[in-house]
Amino acid sequence: MATAIKAPRILVVEDEESIARPFAEALRRAGFDPIVTGTAAGALELAESAEPDLVMLDLRLPDGDGRDVCRDLRRRSEVPIVMLTARGTETDKIVGLELGADDYVVKPFSAAEVISRIRAVLRRAGPVEPMARGPLRAGALELDPAARTARVGDRPLDLSRKEFDLLAELMRHRGEVVTREDLMSRVWDTNWFGSTKTLDVHIGWLRRKLGDEAADPAYIETVRGVGFRLVAPEGEEP
Ligand code: CA
């Protein structure tokens, strides 16, 4: 049976099964399409791949702080975020909202109450733009994360998987320094620790393909001892 209207997809980020499971069930009964993850890494991945209409985000996750996840999501998308907090102190509320969360819920909560809050947030947000999956641009450089294609002007770039992911990560944070450690853990391995030599090698390859030079970069700038920054080409930004 086909339905005319797609059920809003809610990404529930909560590691406590005793909360996540019944809440997902309540969401489903209320006509939503819930997906659940118990980790910060899972949240970031699913926020991108599953294109949720709203994210319910627990503050304390086994592999990270919900506030970092919130900040990261907000940098990349306008998806509404409702923070779940067990603490309920004034500071937590303020911090959550300052990070760009749309609302917060203090645990323990009633599913009915939260669902009405979710409806209100979705109403306020209006039609949701999916997670930024459209092409990323910087001057003549264009990268399409969904199609996994990249080009400079009319020239297609033939990038390896890692080169592509690396460039995408830098373009998502265009104008900001992305640390070596963040690049290693996001592009290579979430549990990465150790040498970043492989990163330099890949940056070198990427620059060659972009026609970029380390000494006078048009795109990828080295921030010594810290990381790399995708620079905005001249004339395009103030
Ligand atoms: Ca938790």
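Please treat every number below as a calculation from the coordinates, not as lab data. Please read all numbers here as calculations on a predicted model, not as lab measurements. Note: ideal-geometry Cβ built from the backbone for every residue, glycine included; neighbour counts use all protein chains shown.
In nm, give the distance between the simple-model label positions of Lys107 and Arg124, each being 7 Å from the Cα along the Cα-to-Cβ direction.
2.3 nm
List, in order, the whole-Hz ³J(HN,Hα) value for each residue of the stretch 60-65 obtained from phi through the Karplus relation with A = 6.51, B = -1.76, C = 1.60 and θ = phi - 60°; use x for Gly and Pro.
For the stretch 60-65, the Karplus curve yields 10, 10, x, 10, x, 9 Hz.
Restricting to bridges with both residues inside the stretch 1-73, how much of the DSSP beta-bridge set is antiparallel, in percent to the nearest 5?
Details: 2 of 11 bridges.
Once the DSSP bridges in the stretch 1-73 are tallied, antiparallel ones form about 20 percent.
Using R₀ = 41 Å, calculate the FRET efficiency as 1/(1 + (r/R₀)^6) where r is the Cβ-Cβ separation of Trp188 and Glu142; round to 0.05.
Values: r = 24 Å, r/R0 = 0.59.
So the FRET efficiency works out to roughly 0.95.
Return the distance in nm (one decimal) between the two label points of a simple spin-label model at Arg71 and Ser160, each offset 7 Å from Cα along Cα→Cβ.
Simple spin-label model gives 3.2 nm for this pair.
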